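The values are calculated or read from the model by the stated rules, or taken from the named source; none is laboratory data. None of the values given here were measured: they were computed from a predicted structure. Positions of Cβ are generated from backbone atoms using ideal geometry, with glycine treated the same way; all protein chains shown enter the neighbour counts.
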Amino acid sequence: MSAYFAFARSSFHSQLAYRNEVWANIFGKLVQVFARVAIWQAAYAGVGAIVVEGVSLQQMVTYALLGGAVMGATRPERIIGEIGRSLKTGDVAIWLLKPLSYPLYLFANECGSFLYRLATQVIPTVAFTALFYGMLPPASPFHAVMFIAFWALSFALLFLISALFGLVAFWLMTSFSLDWILGALLQLFSGVLVPFWFFPEPLATIARHLPFAWIVYYPNAIYLGRLSTPEIWLHLGLGLGWAALFLAGVLWLWRCASSRITVQGG
Amino acid sequence: MTALIEARGVSKRFRQHKRFPGLLGALKTLVTNEYTEVLAVSDIGFDITAGEAVGYLGPNGAGKSTMIKMMTGILVPSAGTLSVLGRTPHLKRMDNAREIGVVFGQRSQLWWDLPLVDSFTLHQRIYDIPAARYADNLRRFSELLDLTPFLDRAVRQLSLGQRMRAEIVMSLLHDPKILFLDEPTIGLDVVAKDAVRRFLAEINRERGVTIILTTHDLQDIETICPRLIMVDHSRLIFDGELRSLRAALGSARRLTLEFASDPGPLPLRTAALVSDEGLRKNYLIEREDISLVAILSEVGSGRGLKDVALHEPDIEEVIRTFYQRRNADQRSNAKARAS
């Protein structure tokens, strides 16, 4: 087990090698957050109302800031890229040579990068913009705790979905932009751009039932107190169910991939 | 004494999706299900006992890496049985992994962005190496291969030679019983090659680590491996001591005679004249049993012989003549079939 902690640590340290990236990322993230907030300000000004669909502008700004924090520290395209590359170049053989689980190694690695980006990029950006625009506190201490739990779940889900896409790339064996497809799905169905309460029906209902909803929408909605206590527990269970399903998918695809590598030589 | 590695009739066949050239071909590739079969290793058998150092030699594409991958458990043989340390490698990959070390000349196992020593500590964690043993191994190997000056440098800043030395040190930190090396000296300069060879020979001798290395650099084998397994076109063509290779494959020694004054044409019974530069004459000695004394007595004392040089054929030459002879045989066989 200590090996996986060491991987997380080393991936944290590896990131330090690219210090210039930090500033570029902070800048990029700031622009993104400013743009999102500006869109909501314009939208609310356009409607001329203080509360739309039961949500105030202040809540919407909080939602936009949180969205950046929750999803900002994971880079699905990097996970997909890393899996795809090591499968295609055959570097994955190196992982097969070690007494290790490759998926668990990837997860440990991602945990390290997540903490690094959280500490150096996401939290500074969100804190800065929050000072600028003002950010609401969690709806209650219970909601705060549940937000943290959902955040962790969101991280695990996003990792599993990305790993699944990365493994699928092994069979397609083309430069097919799976990362682009996942990016598009996330933009729309995670709720990072627009919360589902502004979606038209039946799109809103569909979106609420897709696993992507647990990545941004549910954590944020819980922070803002939009879900009742029984609903929170229900959705925690559902989210864990999705995570278990994706975990099974990843492990199954990994077994298929590794048996194909060992039988057919990749 | 039982063998550490036992290979019996091991074959590996790859099925490759048939690809068609061109744009239409690419579409055709997507819809067809045709395969071409490539035989990478066919019917190879050998035993390797503990403490041996074996060179696995062959030209590119002879199936050397495929064999290494099967022995390490990351490829499944298509036929035959393979046993490494009493286990079938691909069925017990994890157990096998703990007791073997593997170095790929063309594939780095070090962590690119971290200081070198971090790769080693990660390795310690992966293999659960007790701290004292790890420290002891690291110190000894680093000294032997002179790694100490750049232990704190990031791997991406190291030269190829430094990196390969580091790869080898890492592969030995968990005291593997067998060390597999796939082209460990590829791309290295003469000094680095020499350091690696001396180190491997020492590890084999002092620690009794069994070494199996693939290479197409014969110098590697001359320094490290008393035993040689040669493969070509997926088949085993020679397995035995390096010394007996010459006898088995039959390659002539070269003899140069230098004279104080030109003795004129000088054909000999014992050696065939290949070039005559007057004062200096070159001969080939085809038969192993002819001694230098026999030749010199045939030349006689009255010819003004000044100097004699006898060249044992180096291994490259031996192998070159082997391939030439075999290709000639194949051509004549083909002709015989055609007519």
| task | Among the residues of the stretch B:63-85, write down those that are without any contact (Cβ under 8 Å) to a residue 24 or more places away in the chain and not in a loop (DSSP other than H, G, I, E, B). | result | B:LYS69
| task | Sort through B:SER171, B:SER108 and tell me the only one that's touching a Leu at 6+ places or on another chain (Cβ under 8 Å), under 22 Å from A:TYR102 (Cα atoms) and within 14 Å of chain A (Cβ to nearest Cβ). | result | B:SER171
| Take the residues of the stretch B:49-69 that are farther than 17 Å from B:THR210 by Cβ and within 11 Å of chain A (Cβ to nearest Cβ): which is surrounded by the fewest Cβ atoms within 10 Å (Cβ to Cβ)? | B:SER65
| query | Which residues, taken from the stretch B:253-299, are surrounded by 12 or more Cβ atoms within 10 Å (Cβ to Cβ), without any contact (Cβ under 8 Å) to a residue 24 or more places away in the chain and assigned to a strand (DSSP E or B)? | reply | B:ALA272, B:LEU273, B:VAL274, B:ASP276
| Residues within the stretch B:136-164 that are farther than 18 Å from B:ASP189 by Cβ, part of a loop (DSSP other than H, G, I, E, B) and not hydrophobic (A, V, I, L, M, F, W, C), tallied | 2
| query | Quick one: which of A:TRP171, A:TRP242, A:TRP197 is assigned to a helix (DSSP H, G or I) and within 14 Å of chain B (Cβ to nearest Cβ)? | reply | A:TRP171
| request: Residue by residue through the stretch B:95-104, note down the ones that are more than 7 Å from chain A (Cβ to nearest Cβ) and surrounded by fewer than 21 Cβ atoms within 10 Å (Cβ to Cβ). | output: B:ASP95, B:GLU99
| task | Could you list all residues from the stretch A:59-99 that are of a type in the set (Val, Ile, Thr) and within 30 Å of B:VAL103 (Cβ to Cβ)? | result | A:ILE79, A:ILE80, A:ILE83, A:THR89, A:VAL92, A:ILE94
| note | If we ask which residues in the stretch B:136-157 are over 17 Å from B:ASP175 (Cα atoms) and either touching a His at 6+ places or on another chain (Cβ under 9 Å) or exposed (fewer than 11 other Cβ atoms within 10 Å of the Cβ) (or both), their number turns out to be 2
| Can you name the residue in the stretch B:141-167 that is among the basic types (Lys, Arg) and under 26 Å from the mean Cα position of the chain (by Cα) and, of all such residues, is nearest to B:LEU200 (Cα to Cα)? | B:ARG165
| remark: Exception for B:THR72 within (1) surrounded by 17 or more Cβ atoms within 10 Å (Cβ to Cβ); (2) of a type in the set (Ser, Thr, Tyr); (3) more than 8 Å from every other protein chain (Cβ to nearest Cβ); (4) closer than 19 Å to B:SER234 by Cα falls at (3)
| query | What is the residue count in the stretch B:20-42 for residues that are surrounded by 14 or more Cβ atoms within 10 Å (Cβ to Cβ) and of a type in the set (D, E, K, R)? | reply | 1
| said: Return the residues of the stretch B:5-63 that are at pLDDT below 75 and either among the charged types (D, E, K, R) or in contact with a strand residue (DSSP E or B) (Cβ under 9 Å, 6 or more places away or on another chain) (or both); say none if nothing qualifies. | reply: B:GLN16, B:HIS17, B:LYS18, B:ARG19, B:LYS28, B:THR29, B:THR32, B:ASN33, B:GLU34
| field | Answer residue from the stretch A:11-51, given it is within 14 Å of another protein chain (Cβ to nearest Cβ) and modelled with pLDDT of 85 or more and is surrounded by the most Cβ atoms within 10 Å (Cβ to Cβ) among those | value | A:SER11
| note | So, first residue within 11 Å of another protein chain (Cβ to nearest Cβ) and closer than 19 Å to B:VAL102 by Cα in the stretch B:114-137, second residue acidic (Asp, Glu) and part of a helix (DSSP H, G or I), Cβ within less than 8 Å, six or more apart or across chains; the pairs are none
| note | The residue that is nearest to the other protein chains (Cβ to nearest Cβ), considering only those in the stretch B:75-94 that are farther than 22 Å from B:ALA50 by Cα and surrounded by 22 or more Cβ atoms within 10 Å (Cβ to Cβ), is B:LEU75
| query | How about the stretch B:122-135: which of its residues are surrounded by 12 or more Cβ atoms within 10 Å (Cβ to Cβ) and part of a helix (DSSP H, G or I)? | reply | B:LEU122, B:HIS123, B:GLN124, B:ARG125, B:ILE126, B:ARG133, B:TYR134, B:ALA135
